[in-house]
Amino acid sequence: SQQGEEDPQALSIQEGENATMNCSYKTSINNLQWYRQNSGRGLVHLILIRSNEREKHSGRLRVTLDTSKKSSSLLITASRAADTASYFCATDGTTDKLIFGTGTRLQVFP
Amino acid sequence: KAGVTQTPRYLIKTRGQQVTLSCSPISGHRSVSWYQQTPGQGLQFLFEYFSETQRNKGNFPGRFSGRQFSNSRSEMNVSTLELGDSALYLCASSLRDQANYEQYFGPGTRLTVT
(Lines give C-alpha, C1' and ligand atoms only; values in the text may rest on other atoms or scores of the structure.)
Protein backbone atom coordinates (compact mmCIF):
# COMPACT_ATOMS: atom_id res chain seq x y z
CA SER A 1 0.00 0.00 0.00
CA GLN A 2 1.09 3.58 -0.55
CA GLN A 3 2.67 5.35 2.36
CA GLY A 4 2.15 8.79 0.89
CA GLU A 5 -0.77 10.45 -0.76
CA GLU A 6 -0.22 13.52 -2.88
CA ASP A 7 -2.72 16.28 -3.32
CA PRO A 8 -3.83 17.46 -5.77
CA GLN A 9 -3.64 14.57 -8.21
CA ALA A 10 -3.27 17.05 -11.05
CA LEU A 11 -2.43 20.73 -11.28
CA SER A 12 -2.42 23.08 -14.26
CA ILE A 13 -0.87 26.54 -14.07
CA GLN A 14 0.62 29.23 -16.29
CA GLU A 15 4.33 29.90 -16.56
CA GLY A 16 5.48 32.27 -13.86
CA GLU A 17 2.92 31.09 -11.31
CA ASN A 18 3.80 29.14 -8.21
CA ALA A 19 2.85 25.47 -7.84
CA THR A 20 2.16 23.87 -4.49
CA MET A 21 1.66 20.17 -3.95
CA ASN A 22 1.11 18.34 -0.72
CA CYS A 23 1.99 14.94 0.61
CA SER A 24 0.49 13.13 3.57
CA TYR A 25 1.92 9.97 5.05
CA LYS A 26 0.85 7.46 7.66
CA THR A 27 3.72 6.41 9.89
CA SER A 28 6.68 8.06 11.56
CA ILE A 29 9.62 8.72 9.27
CA ASN A 30 13.35 9.36 9.30
CA ASN A 31 13.22 11.52 6.23
CA LEU A 32 11.00 12.51 3.32
CA GLN A 33 12.12 12.98 -0.24
CA TRP A 34 10.61 14.56 -3.35
CA TYR A 35 11.23 13.26 -6.85
CA ARG A 36 10.26 14.42 -10.33
CA GLN A 37 9.40 12.15 -13.23
CA ASN A 38 9.11 13.30 -16.79
CA SER A 39 6.67 11.32 -18.88
CA GLY A 40 7.53 7.61 -18.80
CA ARG A 41 11.11 8.13 -17.68
CA GLY A 42 13.15 7.54 -14.56
CA LEU A 43 12.78 9.63 -11.45
CA VAL A 44 15.05 12.50 -10.55
CA HIS A 45 15.77 13.28 -6.91
CA LEU A 46 14.86 16.86 -6.00
CA ILE A 47 15.28 17.29 -2.27
CA LEU A 48 15.51 15.36 0.99
CA ILE A 49 14.26 16.73 4.30
CA ARG A 50 15.00 14.99 7.57
CA SER A 51 12.40 14.47 10.26
CA ASN A 52 14.06 17.05 12.52
CA GLU A 53 13.96 19.73 9.82
CA ARG A 54 10.98 21.96 9.15
CA GLU A 55 11.91 23.68 5.92
CA LYS A 56 14.45 23.29 3.17
CA HIS A 57 15.24 25.23 0.01
CA SER A 58 16.90 24.29 -3.24
CA GLY A 59 16.83 26.84 -6.03
CA ARG A 60 13.17 27.47 -6.88
CA LEU A 61 12.04 24.62 -4.64
CA ARG A 62 10.85 24.99 -1.08
CA VAL A 63 9.87 21.98 1.00
CA THR A 64 8.21 22.05 4.38
CA LEU A 65 7.66 19.18 6.76
CA ASP A 66 5.18 18.97 9.62
CA THR A 67 5.73 15.71 11.45
CA SER A 68 2.88 16.38 13.87
CA LYS A 69 0.47 16.42 10.93
CA LYS A 70 2.42 13.84 8.97
CA SER A 71 2.48 16.09 5.95
CA SER A 72 4.87 17.86 3.62
CA SER A 73 4.51 20.41 0.88
CA LEU A 74 6.58 21.18 -2.18
CA LEU A 75 6.48 24.71 -3.58
CA ILE A 76 7.89 25.47 -7.01
CA THR A 77 8.20 29.20 -7.53
CA ALA A 78 8.07 30.97 -10.89
CA SER A 79 7.14 27.77 -12.75
CA ARG A 80 8.47 27.09 -16.23
CA ALA A 81 7.13 24.87 -18.98
CA ALA A 82 10.08 22.57 -18.30
CA ASP A 83 8.67 21.90 -14.81
CA THR A 84 5.85 19.91 -16.42
CA ALA A 85 6.19 16.46 -14.86
CA SER A 86 4.83 14.20 -12.15
CA TYR A 87 6.06 14.84 -8.64
CA PHE A 88 6.28 12.14 -5.97
CA CYS A 89 7.01 12.20 -2.30
CA ALA A 90 8.76 9.22 -0.77
CA THR A 91 9.16 8.19 2.84
CA ASP A 92 10.91 5.41 4.66
CA GLY A 93 8.15 4.79 7.18
CA THR A 94 9.08 2.31 9.86
CA THR A 95 11.39 0.41 7.54
CA ASP A 96 14.49 1.42 5.65
CA LYS A 97 12.90 1.10 2.24
CA LEU A 98 11.42 3.96 0.27
CA ILE A 99 7.69 4.01 -0.24
CA PHE A 100 6.38 6.40 -2.88
CA GLY A 101 3.18 8.38 -2.90
CA THR A 102 0.62 8.49 -5.65
CA GLY A 103 2.08 11.57 -7.35
CA THR A 104 0.89 14.95 -8.56
CA ARG A 105 0.82 15.63 -12.31
CA LEU A 106 1.89 19.21 -12.92
CA GLN A 107 1.21 20.89 -16.26
CA VAL A 108 2.76 24.31 -16.82
CA PHE A 109 1.42 26.17 -19.84
CA PRO A 110 3.65 28.66 -21.67
CA LYS B 1 30.16 9.74 -13.69
CA ALA B 2 27.85 7.66 -15.81
CA GLY B 3 24.30 7.39 -14.54
CA VAL B 4 22.30 4.29 -13.77
CA THR B 5 21.80 2.24 -16.89
CA GLN B 6 19.11 -0.33 -17.55
CA THR B 7 18.85 -2.84 -20.35
CA PRO B 8 16.87 -3.48 -22.35
CA ARG B 9 14.82 -0.30 -22.58
CA TYR B 10 11.83 -1.98 -24.15
CA LEU B 11 10.69 -5.57 -24.11
CA ILE B 12 7.68 -7.45 -25.41
CA LYS B 13 7.01 -10.91 -24.02
CA THR B 14 4.22 -13.45 -24.12
CA ARG B 15 2.29 -14.75 -21.15
CA GLY B 16 4.06 -17.66 -19.50
CA GLN B 17 7.52 -16.63 -20.62
CA GLN B 18 10.21 -15.36 -18.30
CA VAL B 19 12.27 -12.20 -18.52
CA THR B 20 15.52 -10.89 -17.08
CA LEU B 21 16.21 -7.19 -16.69
CA SER B 22 19.60 -5.71 -15.98
CA CYS B 23 20.73 -2.67 -14.03
CA SER B 24 24.18 -1.12 -13.70
CA PRO B 25 24.40 1.33 -10.78
CA ILE B 26 26.49 4.44 -10.56
CA SER B 27 30.10 3.57 -9.85
CA GLY B 28 30.65 3.29 -6.10
CA HIS B 29 26.99 2.74 -5.25
CA ARG B 30 26.43 -0.51 -3.42
CA SER B 31 22.69 -0.33 -2.87
CA VAL B 32 20.39 -1.19 -5.77
CA SER B 33 16.60 -1.10 -5.52
CA TRP B 34 13.95 -2.17 -7.99
CA TYR B 35 10.50 -0.68 -8.45
CA GLN B 36 7.48 -1.50 -10.56
CA GLN B 37 5.40 1.37 -11.90
CA THR B 38 1.92 0.90 -13.31
CA PRO B 39 -0.94 3.39 -13.86
CA GLY B 40 -3.14 1.52 -11.42
CA GLN B 41 -0.75 0.73 -8.56
CA GLY B 42 1.76 3.52 -8.96
CA LEU B 43 5.35 3.03 -7.86
CA GLN B 44 5.82 -0.11 -5.83
CA PHE B 45 8.98 -1.33 -4.17
CA LEU B 46 10.13 -4.75 -5.33
CA PHE B 47 13.40 -5.40 -3.51
CA GLU B 48 16.73 -3.93 -2.55
CA TYR B 49 20.17 -5.45 -2.75
CA PHE B 50 23.26 -4.38 -0.90
CA SER B 51 26.64 -6.08 -1.24
CA GLU B 52 25.08 -9.05 -3.05
CA THR B 53 22.47 -9.62 -0.31
CA GLN B 54 18.77 -8.94 -0.52
CA ARG B 55 18.15 -6.48 2.28
CA ASN B 56 14.47 -5.68 1.76
CA LYS B 57 11.59 -7.12 -0.16
CA GLY B 58 8.22 -5.74 -1.16
CA ASN B 59 4.90 -7.55 -1.40
CA PHE B 60 5.35 -9.32 -4.69
CA PRO B 61 4.91 -13.02 -5.48
CA GLY B 62 7.88 -15.36 -5.67
CA ARG B 63 7.83 -15.10 -9.47
CA PHE B 64 9.76 -11.89 -8.97
CA SER B 65 13.35 -12.45 -7.98
CA GLY B 66 16.64 -10.67 -8.21
CA ARG B 67 20.30 -10.85 -7.53
CA GLN B 68 23.32 -8.63 -7.28
CA PHE B 69 26.81 -9.34 -8.46
CA SER B 70 30.12 -8.46 -6.85
CA ASN B 71 30.44 -5.39 -9.10
CA SER B 72 27.05 -4.19 -7.76
CA ARG B 73 25.29 -4.79 -11.06
CA SER B 74 21.86 -6.26 -10.48
CA GLU B 75 19.37 -8.34 -12.38
CA MET B 76 15.73 -9.02 -11.75
CA ASN B 77 13.85 -11.95 -13.14
CA VAL B 78 10.14 -12.47 -13.59
CA SER B 79 9.03 -16.00 -14.35
CA THR B 80 5.71 -17.18 -15.77
CA LEU B 81 4.76 -13.72 -16.96
CA GLU B 82 1.20 -12.50 -16.55
CA LEU B 83 -0.58 -9.68 -18.37
CA GLY B 84 -0.55 -7.68 -15.14
CA ASP B 85 3.24 -7.68 -15.12
CA SER B 86 3.20 -5.13 -17.93
CA ALA B 87 4.85 -2.11 -16.37
CA LEU B 88 7.80 0.23 -16.27
CA TYR B 89 10.51 -1.39 -14.15
CA LEU B 90 12.83 1.09 -12.54
CA CYS B 91 16.17 0.48 -10.94
CA ALA B 92 17.77 2.92 -8.53
CA SER B 93 21.14 3.03 -6.83
CA SER B 94 22.18 4.81 -3.70
CA LEU B 95 25.50 6.13 -2.47
CA ARG B 96 24.77 5.64 1.17
CA ASP B 97 24.49 2.36 2.89
CA GLN B 98 20.77 2.76 3.48
CA ALA B 99 18.30 2.65 0.63
CA ASN B 100 16.17 5.37 2.15
CA TYR B 101 18.69 8.04 1.24
CA GLU B 102 18.49 9.77 -2.10
CA GLN B 103 18.30 7.37 -4.95
CA TYR B 104 19.45 7.76 -8.52
CA PHE B 105 17.12 6.19 -11.02
CA GLY B 106 17.75 4.63 -14.37
CA PRO B 107 15.50 5.32 -17.38
CA GLY B 108 13.55 2.12 -16.81
CA THR B 109 12.64 -0.94 -18.82
CA ARG B 110 9.18 -0.88 -20.37
CA LEU B 111 7.86 -4.44 -20.30
CA THR B 112 4.77 -5.36 -22.28
CA VAL B 113 3.24 -8.79 -21.78
CA THR B 114 0.84 -9.97 -24.48
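Before moving on, here are some points about what is shown:
- Convex hull volume of the C-alpha atoms in the range B:2-114, normalised per residue: 90 Å³.
- For trypsin sites (Lys or Arg not before Pro), the sites in the range B:1-94 that DSSP calls loop and that have at most 10 other Cβ atoms within 10 Å are B:K1.
- Bridging of B:K57 to lysines at a Cα separation below 29 Å is possible for A:K26, A:K69, A:K70, A:K97, B:K1, B:K13, once same-chain residues fewer than 8 apart are set aside.
- Heavy-atom surface of chain A, accessible at 1.4 Å and reported per residue (Å²): 47 Å²
- Split the accessible area of the range A:18-110 by element, probe 1.4 Å, and carbon with sulfur accounts for 46%.
- Between B and A, accessible area buried - total, square angstrom, nearest 100, 1.4 angstrom probe: 1700 Å²
- Relative to its residue count, the range B:6-71 spans a Cα convex hull of 113 Å³ per residue.
- When the convex hull of its Cα atoms is viewed from all sides, the protein assembly as shown shows a mean projected area of 12.0 nm².
- Residues of type aspartates and glutamates that A:K56 reaches as a straight line, Cα spacing below 16 Å, ignoring anything fewer than 8 places off in the same chain: A:D66, B:E102
- Förster radius 25 Å - calculated FRET efficiency between A:A82 and B:T38, Cβ distance, rounded to 0.05: 0.45
- Chain A - convex hull of alpha carbons, volume per residue in Å³: 91 Å³
- The apolar share of the surface of chain B, taken as the fraction of accessible area on carbon and sulfur atoms (1.4 Å probe, ligands and nucleic acids excluded), comes to 47 percent.
- For the range A:1-58, the fraction of C-alpha pairs more than 14 angstrom apart is 69%.
- Gap separating the Cα centres of the range B:21-76 and the range A:1-55, nearest whole Å: 22 Å
- According to the calculation over all Cα-Cα pairs in the range A:66-110, the P(r) per 10 Å bin from zero is 22, 43, 26, 8, 0 %.
- Interface residues, the range A:26-60 - accessible area loss of 50 Å² or more versus chain alone, probe 1.4 Å: A:L43
- With each label modelled as a point 7 angstrom along the Cα→C-beta vector, the A:S58-A:S39 pair spans 2.5 nm.
- Assigned charges on the beta-carbon of Lys, Arg, Asp, Glu; chain B dipole about Cα centre (debye): 160 debye
- Chymotrypsin sites (Phe, Trp or Tyr not before Pro) restricted to the range A:9-64 and DSSP loop, no more than 16 other C-beta within 10 Å: none
The values are calculated or read from the model by the stated rules, or taken from the named source; none is laboratory data. Keep in mind that what you see is a predicted model, and the values were worked out from it rather than measured. As a convention, Cβ positions derive from the backbone with ideal geometry for all residues, glycine included, and neighbour counts pool all protein chains shown. With ligands, DNA and RNA removed, areas are computed over all heavy atoms of the protein, side chains included. Shrake-Rupley method; radii C 1.70, N 1.55, O 1.52, S 1.80 Å.
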